[in-house]
1. In this structure, is SER22 at pLDDT 95 or above, under 25 Å from GLN123 (Cα atoms), within 15 Å of the ligand (Cβ to nearest atom) and crowded, with 19+ Cβ neighbours inside 10 Å?
2. Which of the numbered conditions does ASN10 fail, given that it passes all the others? Conditions: (1) modelled with pLDDT of 95 or more; (2) surrounded by 19 or more Cβ atoms within 10 Å (Cβ to Cβ).
3. Is there a residue in region 42-55 that is crowded, with 19+ Cβ neighbours inside 10 Å and away from the ligand (no atom under 14 Å from the Cβ)?
4. Would you mind telling me which numbered condition in (1) surrounded by fewer than 19 Cβ atoms within 10 Å (Cβ to Cβ); (2) touching a helix residue (DSSP H, G or I) at 6+ places or on another chain (Cβ under 8 Å); (3) more than 16 Å from ARG240 (Cβ to Cβ) ASN152 fails?
5. Every residue in region 35-53 that is part of a strand (DSSP E or B), in contact (Cβ under 8 Å) with a residue 60 or more places away in the chain and closer than 24 Å to PRO142 by Cβ, please.
6. Consider only pairs whose beta carbons are under 7 Å apart and that are at least six residues apart or on different chains; among these, list those whose first residue lies in region 220-242 and is within 18 Å of LEU49 (Cβ to Cβ) and assigned to a loop (DSSP other than H, G, I, E, B) and whose second residue is β-branched (Val, Ile, Thr) and within 16 Å of the ligand (Cβ to nearest atom).
7. Within region 164-185, how many residues turn out to be farther than 12 Å from VAL82 by Cα and away from the ligand (no atom under 11 Å from the Cβ)?
8. Considering only region 58-86, how many residues are acidic (Asp, Glu) and closer than 19 Å to LEU195 by Cα?
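The values are calculated or read from the model by the stated rules, or taken from the named source; none is laboratory data. Not measured: the values here are computed from a predicted model. Virtual Cβ from ideal backbone geometry, glycine too; neighbours counted across all protein chains shown.
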Amino acid sequence: MSSSNSSSQNVIYQYSTINALSDGYYEGEIDIATLKKYGNFGLGTFNGLDGEMVIIDNHFYKVSSDGIVKNQADNEKTPFAVVTDFKTDKSFSFTQKLDLIKLEKYIETNLDSKNIFYAVKIQGKFEYLKTRSIPKQSKPYPRLIDASKKQNVFEFNNINGVLVGFYFPNYMQDINVAGFHLHFLSDDKSKGGHLLNCITKNINVEIDAIHNFQMLLPKKPSFFKLNLSTPKSEIDKIERDNK
Ligand SMILES: [Zn+2]
């Protein structure tokens, strides 16, 4: 979109906050057409907490809780999304078999600092992948910790694809997921979801170091009334692999 931007102007745009999602704010007013103005890469979810959003090369995919992946129309809305125009600052390849914790540690050793933002693209062959997608919720909306108990988990072996996501510093923990948050899409665009674990095989990592962050806050009264004080331990329980 804004391909004329130099990398120093690169910005992460985020709609709503992770704590709002945690508090059950599942109906945003921003649509994909609007998100496309802010970025061609990222992740999120859809209104009603209907599946996992994976954004790559300006395509917005939904991984539904039945595992089906579909390209989404511009009028689909989101209650939480994080996007940027991805520009590679640094890339490296490796063939070690790393699980998610080791993969995150390995990428961290290649970050200039843990105090700025990063968009991360991890592409290649995975020996194993474990993802999830949460089914669409109905009103009255439960908290995310309760909705996530109904998540469907998918496991894949020897699969080619891309992990898209972000690294946020720990000091951002009430706003976004601190550390890495990654969503998967297979090369054939038939499988995906929120990443719970993996074992890498033959991987290329691209890192986009970003110094600018802009929030787009909801205008709805339902957002104004939220408590927004979910502890990090609860977010970890929702976003990490606990089995
Ligand atoms: Zn996610």
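1. No, not satisfied.
2. (1)
3. no
4. It fails just one condition, (2).
5. LEU43, THR45, GLU52, MET53
6. These pairs meet every condition: LEU228/THR17.
7. The number of residues fulfilling the criteria is 9.
8. In the first step, residues of region 58-86 are kept if they are acidic (Asp, Glu); the result is 66, 74, 76, 85.
Filter once more, so that each one left must be closer than 19 Å to LEU195 by Cα: 66.
Count: 1.
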